[in-house]
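Chemist: Pasting a structure here, questions to come.
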Amino acid sequence: MEISPKLPRIAAIVAFVMAGFVALGALAGPIVLLPLALIPLFAGLGILRKRVWSAYGYAVFTLAQVALVPLILFRLARSNTTLAGMVASTALSLLIAALFLLAGRSLANAESPRGAA
């Protein structure tokens, strides 16, 4: 299966948009969350510099957040989060993780540098 060479650029744009949303959310809410905007920002910069593990790393970071869903569902009865919101958030996170995995594969197929171990 041939993966589009435009996919890394799309993934970088998505990473920058996500960094902007996290930064705006941190400025509107708890400022402590502001450093979390650096994670997608650095992932987007790494992808633009054709670093394969920037895409793979952000995909793993997103999947790690999805791994917490069972714990959140367990505590759902005590919070004001709805089940529909959790399902939508999980689906979006899985879609984003798939985008970054495919972007990493596209960079790897283009023989981009993998980075130091």
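Chemist: For n ≥ 4 DSSP H runs only, could you compute -39500 (n - 2.57) per run for the chain, divide by its residues and tell me the 222 nm figure to the nearest 500?
Modeler: Counting only the DSSP helices, I get -23000 deg cm²/dmol.
Chemist: Ser89 to Leu63: extension gain in nm, 0.36 nm per residue of separation minus the Cα-Cα distance?
Modeler: Length difference between fully extended and current span is 8.2 nm.
Chemist: For Phe42 and Asn109, what does the FRET efficiency come to when R0 = 30 Å and r is the distance between their Cβ atoms, rounded to the nearest 0.05?
Modeler: 0.85
Chemist: Another one. Give me the net charge for the shell around Phe42: Cβ to Cβ below 11 angstrom, other residues only, Lys and Arg +1, Asp and Glu -1.
Modeler: So the environment of Phe42 carries a net charge of +2.
Chemist: Report, in debye and to the nearest 20, how large the dipole of the chain comes out about its Cα centre when Lys and Arg carry +1 and Asp and Glu carry -1 on their Cβ.
Modeler: 100 debye
Chemist: Exactly which trypsin sites (Lys or Arg not before Pro) in region 22-94 are in a DSSP loop and have at most 15 other Cβ atoms within 10 Å?
Modeler: Those satisfying the criteria are Arg49, Lys50, Arg75.
Chemist: Would you please classify the overall shape of region 7-109 from the alpha carbon gyration tensor, given that a ≥ b ≥ c denote the square roots of the eigenvalues, rounded means a/c under 1.5, and beyond that prolate means a/b larger than b/c while oblate covers the rest?
Modeler: Verdict is oblate for region 7-109.
Quick note: the coordinates plus some simple rules give every number you see, no bench work behind them. All of these numbers come straight from a predicted model, not from anything done at the bench. Heads up, the Cβs are rebuilt from the backbone with ideal geometry, glycines too, and the neighbour counts pull from every protein chain shown.
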